[in-house]
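Everything below concerns the one structure shown next.
The values are calculated or read from the model by the stated rules, or taken from the named source; none is laboratory data. Model, not experiment: these values are computed from the prediction. So basically every Cβ, Gly included, is an ideal-geometry build from the backbone, and we count neighbours across all protein chains shown. The accessibility values were calculated without ligands, DNA or RNA, using every heavy atom of the protein model including side chains. Shrake-Rupley method; radii C 1.70, N 1.55, O 1.52, S 1.80 Å.
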Amino acid sequence: MTVEEEWPDVGDLVVATVKKVVSYGAYVSLDEHGEREGLLHISEISTRWVRNIKDHVREGQKLILRVLRVNKEKGQIDLSLKRVGKSEQREKREEFKKDQRARSILAQCAKILNMSEETLYEKVGIPIAEKYDTLYNGLEEAAKKGVSALMKLGISDEIIEPLAELSKEKIKIRMFEGRGIINVTCRDPRGVLVIKEALLNAKKLGKKKKIDVEIYTLGAPKYRIELATDDPKKTEGALKEIVAEVTSAIEKTEGTVSFTRE
C-alpha cells in the first residue's frame, strides 16, 4: 500500500478537491490519500451562519481541511474547514506543493531509468523520507550537496546520480547573503602577519561549518567579508562567529576591530 492509499488520521490536515456541492455540505476527494472521499458538512464550513453553501465552496476548488472522524468500516471521513487556521492553510499548501514537486522529479527519474514510479518510490522514496522526514527535504539536500546527500541509504549509484542531477535542476535553492566591512588595526610589530592569520582562520571557520567565506581587502585596515547560506538565521549566526573569531585574535595583540553590516 502506498502513502496515498492510506487512511488519514483524526486531526490531520489534508488537501481536498471539491467534487459535489449539496444543500447540507460538500463531497470531496482527498488528493494525498488515493482520492478517498470525505464529507465537509455545512456546519463545519464557517464559524458564521452559512446562508448559501455555494458562496463558500465550489466544485473543483482545492481546500485544506481537518479530519474530524474516520470510519474505515463504512468508508466515511468527516472533515472541517472552520477548524483550520490561516497559517495552517499556508503551511499545508506549501508542504503539498513541495511533495508534488518531489514526486514529479521522481517520475522524471523513473522515465530516465526505464523504471515504474512505484518501483522507484520503494527503492528511493521511502529511504529518503525516513532519513529526511519528507521526500522533498531529501531531494533538496541532494540539490545542495549532490550525490553525497543520498549516499549510505542503500541506493545504487545508477539511481543516485540522475536523481541528484534532476534535483539540482528542478529545485532552486534560495541563498541568503551576509556581508559587511571589518576594520582591523594591530599595534603588534608583526601586525600584517597577525591580521592575515586572523582572516585566514576566519575563512577556515567558515569551511569547518561548510560555508564559503570570502574576505577581500579594501585597502588596509578595511576588509569586506561575504558569505551565503540557505538559511537567514544561519547566515547571521555565521557572520557573527567569523567577526568574533577575528576580534578575539586581534584583541590578544592589543589591536582593535570594528564591524559594519552592509
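Things to note:
- Of TYR223, TYR121, TYR136, the one that fluctuates the most in a GNM where the chain has Cα springs shorter than 10 Å: TYR223
- Straight Cα distances below 18 angstrom link LYS74 to the aspartates and glutamates GLU5, GLU6, ASP9, GLU35, GLU37, with same-chain residues fewer than 8 positions distant left out.
- Long pairs among LYS54/LYS98; LYS145/LYS204; LYS203/LYS233; LYS145/LYS209, criterion Cα-Cα beyond 23 Å: LYS54/LYS98
- Averaged per residue, the stretch 16-74 has 62 square angstrom of accessible surface, using a 1.4 angstrom probe with ligands and nucleic acids left out.
- For LYS97, the lysines whose Cα falls under 21 Å of its own Cα, not counting residues fewer than eight places away in the same chain, are LYS19, LYS62, LYS86, LYS131, LYS144, LYS168, LYS170, LYS172.
- By the Kirkwood approach, averaging reciprocal distances over each pair of separate Cα atoms, the stretch 158-241 gets a hydrodynamic radius of 14.9 Å.
- Based on every Cα atom in the chain, Rg and the maximum pairwise Cα distance Dmax equal 26.7, 87 Å.
- In terms of its C-alpha gyration tensor, the stretch 69-179 has an oblate overall shape, because the principal axis ratio a/c (a ≥ b ≥ c, square roots of the eigenvalues) is not below 1.5 and a/b does not outweigh b/c.
- DSSP-assigned coil residues among trypsin sites (Lys or Arg not before Pro) in the stretch 108-171, each with at most 11 further Cβ atoms within 10 Å: LYS152
- Rounded, prolate or oblate (a/c below 1.5 giving rounded, otherwise prolate when a/b exceeds b/c) for the stretch 9-51 by Cα gyration tensor: oblate
- Restricting the stretch 1-102 to chymotrypsin sites (Phe, Trp or Tyr not before Pro) that sit in a DSSP loop and have at most 13 other Cβ atoms within 10 Å of their own Cβ leaves TYR24, TRP49.
- Taking 0.36 nm per residue of separation and subtracting the Cα-Cα distance, full extension of the segment from ASP231 to GLU91 would add 48.6 nm.
- Think of each Lys and Arg Cβ as +1 and each Asp and Glu Cβ as -1; about the Cα centre, that makes the dipole of the chain roughly 1000 debye.
- Expected 222 nm ellipticity per residue - DSSP helices of 4 or more, -39500 (n - 2.57), all of the chain, to 500: -12500 deg cm²/dmol
- Shape of the stretch 141-196, Cα gyration tensor, a/c cut at 1.5: prolate
- Contact order relative to length of the stretch 133-262, as percent, for alpha carbon pairs under 8 angstrom and 6 or more apart: 30
- When +1 charges are put on Lys and Arg Cβ atoms and -1 charges on Asp and Glu Cβ atoms, the dipole computed for the stretch 71-148 relative to its Cα centre reaches about 340 debye.
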